[in-house]
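Student: Can you keep this structure in mind? I'll have questions shortly.
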Amino acid sequence: MGKYFGTDGFRGEANVDLTVNHAFKVGRYVGWYYGRDHKAKIVIGKDTRRSSYMFEYALVAGLTASGADAYLLHVTTTPSISYVVRTEEFDCGIMISASHNPFYDNGIKILNGNGQKIEASIEARIEAYLDGELEELPLATKEDVGRTVDFASGRNRYIGYLISIPCRDFKNIKVGLDCSNGSASSIAKSVFDALRAKTYVIHNDPDGTNINRNCGSTHIEVLQKYVVDNGLDVGFAYDGDADRCIAVDHKGNIIDGDKIMYVCGKYMKEQGRLNGNTIVTTVMSNLGLYKALEREGIRYEQTAVGDKYVAENMLQNNYSIGGEQSGHVIFSRYAATGDGILTSLLIMEACVEKKSTLCDLAREMKAYPQLLRNVRVGDKKKTRENPAVKEVIARVAEELGYDGRILVRESGTEPVIRVMVEAGTDDICREQVDRVIRVIEEQGLTVK
């Protein structure tokens, strides 16, 4: 974790934590860094937040002032930036979005030439430049000043790519889409319409301030009701920049990232396309997923929380699928990052090919009750290393045995310790989480 960049870019409240000056300087450094030995080409996309336009112009000013050419995809998804970077020979891509955060927040995500989040070493250099620790960069002059190019055609090629992926169309299947008044509003419906689905869309009318407001993957209850009330076969909800997907079956059951990985991973194994017979998860995936994978003879590997770490593991080992419970799912055959619309297409393919409902495919994985609570502490490391805290964690783990799990970890962005327990019942989860938190409080480690 850096001073400004977390696991998902530079994020904060617009013009409070993340300002136009920050954006301009990020553009200055990125344009200079990638243009040291040639004319750099940088592609930029944004979500539907009101401040996204402001940050777009600031980034473009910084990039072109450093001599780079800036190509604008306009309102688009994060995975479309990743696709265009990889296929159109750009030096890097920039996405302006704060994902599932409220409209007044925003963020800057930078993707390298492979379409993945940039290396921590480059982020560190950008941070040093933002803090004035590096000497000022030269300004481009005369014909070396960069150009700004309208590149909406890149988004259209991405749409065509998505349409080409499923091996069958979705004729007469009633599909509900919750576009979260975000980036998916410009892409998702056209993809499903082209694949002959009967497409029903909600929250597809962004106004700059309604992104993620009581809609999308973080408010899945809205899509649950919509699917059931309208007798739909399946529903998919995206977040603000459409790099994650949460599904709903025809009965209104939530199919989160863990169940998506189970359904798609099992289908890929049956098709002979599950490289290494392995699915990559973070440590926060549900115990029920691991038990279901073991039953199916599928291996799994765990990473730290963050799709960035999942992607790194998959790249190193050439694995086919990995992701997070939150709905970030990566299919390495088709994409270098999580892609909510792609995920929904591959779920549909599994259902069509197996002639099954999503409800039938997902019910094979039984999710364990899970409780997560955050505890504000004065010193995260001191709390984790406290002997009494370590002892109670060990005892809880021993008592839960094979039928449960405890995970205690530090937040990467807040002064918080996260205590998570999975067990056979909600009561056991609550009892064991309270037990650990009580010891943390008794040791005088908490703060208000």
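Student: Given (1) within 25 Å of the chain's Cα centre (by Cα); (2) of a type in the set (A, V, I, L, M); (3) within 19 Å of T7 (Cα to Cα), where does A128 come up short, assuming only one miss?
Tutor: The single condition A128 does not satisfy is (1).
Student: Applying the selection to segment 313-324, what residues are farther than 13 Å from A335 by Cβ, crowded, with 17+ Cβ neighbours inside 10 Å and out of contact with any Phe, Trp or Tyr (no Cβ under 8 Å at 6 or more places or on another chain)?
Tutor: Once the filter is applied, which keeps residues that are farther than 13 Å from A335 by Cβ, crowded, with 17+ Cβ neighbours inside 10 Å and out of contact with any Phe, Trp or Tyr (no Cβ under 8 Å at 6 or more places or on another chain), segment 313-324 yields Y319, E324.
Student: Quick one: in segment 305-356, of everything that is of a type in the set (S, T, N, Q) and more than 22 Å from T218 (Cβ to Cβ), which residue is farthest from the chain's Cα centre (by Cα)?
Tutor: Residue satisfying both the conditions and the ranking: S356.
Student: Here's something else I'd like to know. Given (1) touching a Phe, Trp or Tyr at 6+ places or on another chain (Cβ under 9 Å); (2) modelled with pLDDT under 95, identify the lone condition not met by G276.
Tutor: All conditions pass for G276, except number (2).
Student: Sticking with this structure for a sec: If you take the residues in segment 357-390 that are within 24 Å of the chain's Cα centre (by Cα) and more than 30 Å from K266 (Cα to Cα), which one is surrounded by the fewest Cβ atoms within 10 Å (Cβ to Cβ)?
Tutor: N374
Student: Answer yes if at least one residue in segment 414-425 is more than 28 Å from the chain's Cα centre (by Cα) and either surrounded by fewer than 17 Cβ atoms within 10 Å (Cβ to Cβ) or more than 30 Å from A292 (Cα to Cα) (or both), and no otherwise.
Tutor: Scanning segment 414-425, I find at least one residue that is more than 28 Å from the chain's Cα centre (by Cα) and either surrounded by fewer than 17 Cβ atoms within 10 Å (Cβ to Cβ) or more than 30 Å from A292 (Cα to Cα) (or both), so the answer is yes.
Student: Only one of these conditions is not met by A292: (1) out of contact with any Cys (no Cβ under 9 Å at 6 or more places or on another chain); (2) under 29 Å from S185 (Cα atoms); (3) not in a loop (DSSP other than H, G, I, E, B). Which number is it?
Tutor: (2)
Student: Among (1) among the aliphatic types (A, V, I, L, M); (2) in contact (Cβ under 8 Å) with a residue 40 or more places away in the chain; (3) loosely packed, with under 14 Cβ neighbours inside 10 Å, where does V439 come up short?
Tutor: That leaves (3) as the condition not met.
Student: Does at least one position in segment 233-246 carry a residue that is assigned to a loop (DSSP other than H, G, I, E, B) and surrounded by fewer than 23 Cβ atoms within 10 Å (Cβ to Cβ)?
Tutor: For segment 233-246, residues assigned to a loop (DSSP other than H, G, I, E, B) and surrounded by fewer than 23 Cβ atoms within 10 Å (Cβ to Cβ): present.
Student: Of everything in segment 245-263, what is under 12 Å from A350 (Cβ atoms) and touching a strand residue (DSSP E or B) at 6+ places or on another chain (Cβ under 6 Å)? Give them in sequence order.
Tutor: A247, I255, I260, M261
Student: Residues in segment 298-328 that are in contact with a helix residue (DSSP H, G or I) (Cβ under 8 Å, 6 or more places away or on another chain) and touching a residue at least 24 places away in the same chain (Cβ under 8 Å): how many?
Tutor: 13
Student: Would you be able to tell me the number of residues in segment 117-138 that are touching a residue at least 40 places away in the same chain (Cβ under 8 Å) and either in a helix (DSSP H, G or I) or closer than 19 Å to D243 by Cβ (or both)?
Tutor: 10
Student: Now, a different point. Every residue in segment 14-40 that is more than 13 Å from M54 (Cβ to Cβ) and part of a strand (DSSP E or B), please.
Tutor: None - no residue of segment 14-40 is more than 13 Å from M54 (Cβ to Cβ) and part of a strand (DSSP E or B), so the list stays empty.
Student: So, restricting to helices (runs of 4 or more DSSP H) that lie completely within segment 327-392, which ones have at least 2 residues that are out of contact with any strand residue (DSSP E or B) (no Cβ under 9 Å at 6 or more places or on another chain) and not assigned by TED's automatic domain parsing to the domain that holds N253?
Tutor: 380-385
Student: Residue check, A242 against (1) in contact with a strand residue (DSSP E or B) (Cβ under 8 Å, 6 or more places away or on another chain); (2) in contact (Cβ under 8 Å) with a residue 12 or more places away in the chain, all met but one. Which one?
Tutor: (1) is the only condition that A242 fails.
Student: Between N101, N114, which is in contact with a Ser or Thr (Cβ under 9 Å, 6 or more places away or on another chain), assigned to a loop (DSSP other than H, G, I, E, B) and more than 16 Å from Y53 (Cα to Cα)?
Tutor: After applying the criteria, what remains is N114.
Student: Here's a follow-up. List pairs: first residue in segment 169-189 and closer than 19 Å to E349 by Cα, second residue among the charged types (D, E, K, R) and assigned to a strand (DSSP E or B) anywhere in the structure, Cβ distance under 9 angstrom, at least six positions apart or on different chains.
Tutor: Going by the 9 Å Cβ cut-off, the qualifying pairs are F170/K198; K171/K198; N172/K198; I173/K198; K174/K198; V175/K198.
Student: Working only within segment 18-40, note down all residues that are under 27 Å from R157 (Cα atoms) and crowded, with 24+ Cβ neighbours inside 10 Å.
Tutor: G27, V30, G31
Student: In addition: Would you please list the contacts, defined by Cβ atoms under 8 Å and residues six or more apart or on different chains, that run from a residue in segment 47-66 that is without any contact (Cβ under 8 Å) to a residue 40 or more places away in the chain to a residue that is hydrophobic (A, V, I, L, M, F, W, C)?
Tutor: So the pair list comes out as A58/V20; A58/A23; A58/F24; A61/F24; G62/A23; G62/F24; G62/V26; G62/V30.
Student: Right, something else. State the number of residues belonging to segment 241-282 that are among the small types (G, A, S) and on the phi > 0 side of the Ramachandran plot.
Tutor: 4
The values are calculated or read from the model by the stated rules, or taken from the named source; none is laboratory data. The shown structure was predicted, so the numbers you read here are calculated from the model rather than taken from an experiment. Neighbour counts run over all protein chains shown; Cβ positions are idealised from the backbone, glycine included.
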